[in-house]
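**Q** Please see the structure below; I have some questions.
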């Protein structure tokens with residue numbers, strides 16, 4: 001009864017209606033892709049969801065706390081490797097491994113936070129790039145995790161498919177990613193609406209003022225780091241089960257992981273809670289389309305998807321510096337955040 | 001027992017001694033003014049009391065506790081609220097949220113804190129502007145916001161750094177009336193102020209600083225006729 005009441009209430013609200021429609025489309029889409037045999041579309045959707053999870057996590061640090069990270073590949077990679085190692089060396093099911101991977105990434109985040117949060121603004125951002133590259137080098141030269149060759153999980157017999165989460169194509173993984181994104185929303189939304197969310201925004205706006213209001217900036221940056229790294233690590237776990245192969249060059253890549261997350265977040269709009277999801281669903285398909293169709297047809301254009309990324313960045317900064325959500329709001333398609341109690345940055 | 005006790009505090013920046021062996025104390029419920037020419041060390045003294053600077057020498061006691069070298073957020077929790085001379089609004093948040101964040105210190109529930117913030121804004125006269133971006137307020141309003149936010153932390157001692165500056169005479173009177181009300185509700189006030197009319201009007205006691213040193217202390221009447229104070233402000237008469 002309580003649940004039904006909650007859903008009924010939710011559907012009366014316009015945002016609730018949008019949410020219900022989008023959720024319904026997301027649930028049906030993989031079935032359609034499967035029926036019509038559209039593996040590319042299914043894979044693109046999976047990547048969209050994976051990046052949604054990570055961009056939203058990244059945005060807790062950037063949009064809410066004002067700490068710009070170009071190093072989220074660290075948490076992605078740690079999550080991916082942890083899931084893989086548990087599965088490969090210890091036969092731990094990724095149903096558990098993905099969460100352990102997130103937790104290990106979160107602990108790595110806390111350990112990194114101690115030195116990194118001594119730095120402010122662009123110095124913090126620069127240091128995160130360095131940390132990402134250092135992790136790549138460590139994993140390249142670490143034999144236990146397969147060194148530069150990486151790790152691959154073998155194909156398992158039919159009866160172990162569910163235990164090892166091994167399915168052909170992306171269809172099943174879309175539902176996994178949807179579930180994990182749902183979990184993230186359930187944790188993140190109450191978090192940003194709580195005292196913690198307000199404190200993070202106060203730190204973003206002015207650390208000295210925040211301290212005068214009784215806020216310990218370091219403590220709350222660490223809270224943001226924990227949840228940010230946790231869900232980025234979970235994103236890495238999804239990558240491992242889907243692609244069954246992790247290597248340091250792919251998972252710790254500055255451009256195709258760290259910067260992709262950043263662009264998805266900024267494109268969607270960092271001052272919006274769901275902005276990073278919107279950004280991921282716009283940016284990832286474009287990037288994937290260019291990479292898979294154009295580059296494969298015209299090999300001389302290798303690297304074109306990175307160029308496209310640059311063009312998109314340029315377009316955002318010129319046309320919609322507040323991202324898609326900020327632009328929609330300005331055009332009057334969304335309620336002004338002043339009215340809803342959230343405010344945007346100028 | 002005194003609420004605030006500053007004992008022989010020294011703060012150096014390189015070769016400059018910004019605050020030099022300053023001591024004073026304040027009783028609960030007092031209204032004390034801190035005046036002095038530009039660069040006298042008033043704001044530095046505020047930053048020492050509120051924990052933004054660590055004194056090189058001396059000790060500071062608040063409410064019976066030694067707070068020397070404690071972090072600003074710890075000192076706020078103990079009951080010292082402050083405003084900033086150079087205003088620091090949380091620009092991209094609403095006026096209400098700015099104040100609600102202050103209220104969250106004593107009321108962890110967001111709805112409760114927002115309710116408290118509304119009450120504070122009604123008191124300080126910013127209620128009508130509660131849904132505006134804090135960054136879009138004008139300077140006198142931003143000063144009021146500083147005050148509202150500090151009040152929302154429910155301080156025992158309020159450190160006000162030039163909240164009157166930039167207001168027109170009728171706004172000054174209004175604000176002084178408000179400060180008296182706040183004081184009567186039990187909040188001790190230490191204010192740095194350049195507007196003499198305001199500080200003479202509201203202070204029960206005045207401390208004067210010049211070149212980092214406390215040069216005088218007394219009632220407004222005593223201070224106004226003190227030759228050292230006149231000299232600090234107007235310069236020595238050449239014979």
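The values are calculated or read from the model by the stated rules, or taken from the named source; none is laboratory data. It should be emphasised that the depicted structure is a prediction, and the values quoted were computed from it without experimental measurement. FYI the Cβ positions are ideal-geometry reconstructions off the backbone, even for glycines, and counts take in every protein chain you see.
**Q** With the requirement that a residue be within 7 Å of chain B (Cβ to nearest Cβ) and either under 19 Å from residue B:70 (Cβ atoms) or without any contact (Cβ under 8 Å) to a residue 40 or more places away in the chain (or both), what does segment A:200-214 give you?
**A** Result: A:202, A:206, A:208, A:209, A:211, A:212, A:213, A:214.
**Q** Residue A:266 - would you say it is modelled with pLDDT under 85, crowded, with 16+ Cβ neighbours inside 10 Å and away from chain B (no Cβ under 14 Å)?
**A** Here the answer is no, as residue A:266 does not meet what is asked.
**Q** Search segment A:188-199 for residues being more than 19 Å from the chain's Cα centre (by Cα) and either touching a residue at least 12 places away in the same chain (Cβ under 8 Å) or crowded, with 17+ Cβ neighbours inside 10 Å (or both), and hand back the single one that is farthest from the other protein chains (Cβ to nearest Cβ).
**A** A:196
**Q** Condition test on residue B:152, is it closer than 26 Å to residue B:6 by Cα, within 14 Å of another protein chain (Cβ to nearest Cβ) and crowded, with 23+ Cβ neighbours inside 10 Å?
**A** Spelling it out, residue B:152 is indeed closer than 26 Å to residue B:6 by Cα, within 14 Å of another protein chain (Cβ to nearest Cβ) and crowded, with 23+ Cβ neighbours inside 10 Å.
**Q** For segment B:12-66, list the strands (runs of 3 or more DSSP E) that sit wholly inside it and hold at least 1 residues that are at pLDDT below 95; which are they?
**A** Of the strands (runs of 3 or more DSSP E) lying wholly inside segment B:12-66, those with at least 1 residues that are at pLDDT below 95 span B:16-27, B:31-35.
**Q** Continuing with the same structure: Among B:238, B:181, which is the only one that is in contact with a helix residue (DSSP H, G or I) (Cβ under 8 Å, 6 or more places away or on another chain), surrounded by fewer than 17 Cβ atoms within 10 Å (Cβ to Cβ) and either outside any helix (DSSP H, G or I) or at pLDDT 90 or above (or both)?
**A** From the options B:238, B:181, the qualifying one is B:181.
**Q** Go through B:154, B:141 for me and flag whichever is farther than 20 Å from residue B:35 by Cβ and in a helix (DSSP H, G or I).
**A** B:141
**Q** Checking residue A:290 against (1) at pLDDT 90 or above; (2) over 29 Å from residue A:198 (Cα atoms): exactly one of these is not met. Which one?
**A** Condition (1) is where residue A:290 drops out.
**Q** Only one of B:119, B:162 is modelled with pLDDT under 95 and away from chain A (no Cβ under 14 Å). Can you tell me which?
**A** B:162
**Q** Restricting to segment B:187-203, name every residue that is out of contact with any helix residue (DSSP H, G or I) (no Cβ under 8 Å at 6 or more places or on another chain), surrounded by fewer than 21 Cβ atoms within 10 Å (Cβ to Cβ) and either outside any helix (DSSP H, G or I) or without any contact (Cβ under 8 Å) to a residue 24 or more places away in the chain (or both).
**A** Passing the criteria: only B:194.
**Q** Test residue B:174 against the stated conditions and say whether it is within 25 Å of residue B:97 (Cα to Cα), at pLDDT below 95 and out of contact with any helix residue (DSSP H, G or I) (no Cβ under 9 Å at 6 or more places or on another chain).
**A** So residue B:174 fits the description; yes.
**Q** Okay, next question. Sort through A:259, A:282, A:290 and tell me the only one that's assigned to a helix (DSSP H, G or I), out of contact with any strand residue (DSSP E or B) (no Cβ under 7 Å at 6 or more places or on another chain), away from chain B (no Cβ under 14 Å) and closer than 29 Å to residue A:112 by Cβ.
**A** The match here is A:259.
**Q** May I ask you to verify whether residue A:226 is touching a residue at least 60 places away in the same chain (Cβ under 8 Å), assigned to a helix (DSSP H, G or I), within 14 Å of chain B (Cβ to nearest Cβ) and surrounded by fewer than 22 Cβ atoms within 10 Å (Cβ to Cβ)?
**A** Taking the combined requirement at face value, the residue does not satisfy it.
**Q** Restricting the first residue to segment A:286-301 and requiring it to be surrounded by fewer than 13 Cβ atoms within 10 Å (Cβ to Cβ), which pairs with a second residue that is in a helix (DSSP H, G or I) meet a Cβ separation below 9 Å and a spacing of at least six or different chains?
**A** Within 9 Å, the pairs are A:293/A:40; A:298/A:304.
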